[in-house]
Amino acid sequence: MAGRTVRVGGLPADLPPDRVADKLTIHFLRSRNGGGEIADVQVLAGSQACALITFEALEVAQRILKAKNHVLSIGGKKYPLEVTAHVAELSPDEVARSRQLLPRRL
């Protein structure tokens, strides 16, 4: 999954998440948008809704990130999308472990 997932922001807030997921799938499957085969689409609701799209191939995710001006068209409206690399967030336990320092020997 590492490197194959992109985060997409700028989603329409006035549409149901399943419809947004369908439209994103169609957009990012199209080769003219730099897309390709998709393994998973998750629409995350909230004040700043976003979607996580995982592609079958790393190369597709890299093409998507290089492409500029992704615009989702739904019902005559255009929604400019913000596409960035998805970096998995560490759990509090992982953060605590990463901050532990080993005793140094002099």
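Values in this text are rule-based calculations from the coordinates and carry no lab data. Computed from a prediction, not measured in an experiment: that's the story for all the values here. Every residue, glycine among them, receives a Cβ derived from its backbone with ideal geometry; neighbour counts consider all protein chains shown.
VAL8: net charge of surrounding residues, Cβ under 12 Å, Lys/Arg +1, Asp/Glu -1, itself excluded?
+1
Please compute the length gained on full extension between ILE26 and LYS78, using 0.36 nm multiplied by the number of residues separating them and subtracting their Cα-Cα distance.
17.2 nm
Using a cut-off of 10 Å between beta-carbons, work out the net charge of the residues near ALA57 (Lys and Arg +1, Asp and Glu -1, ALA57 not included).
Overall, the nearby charge balance is -1.
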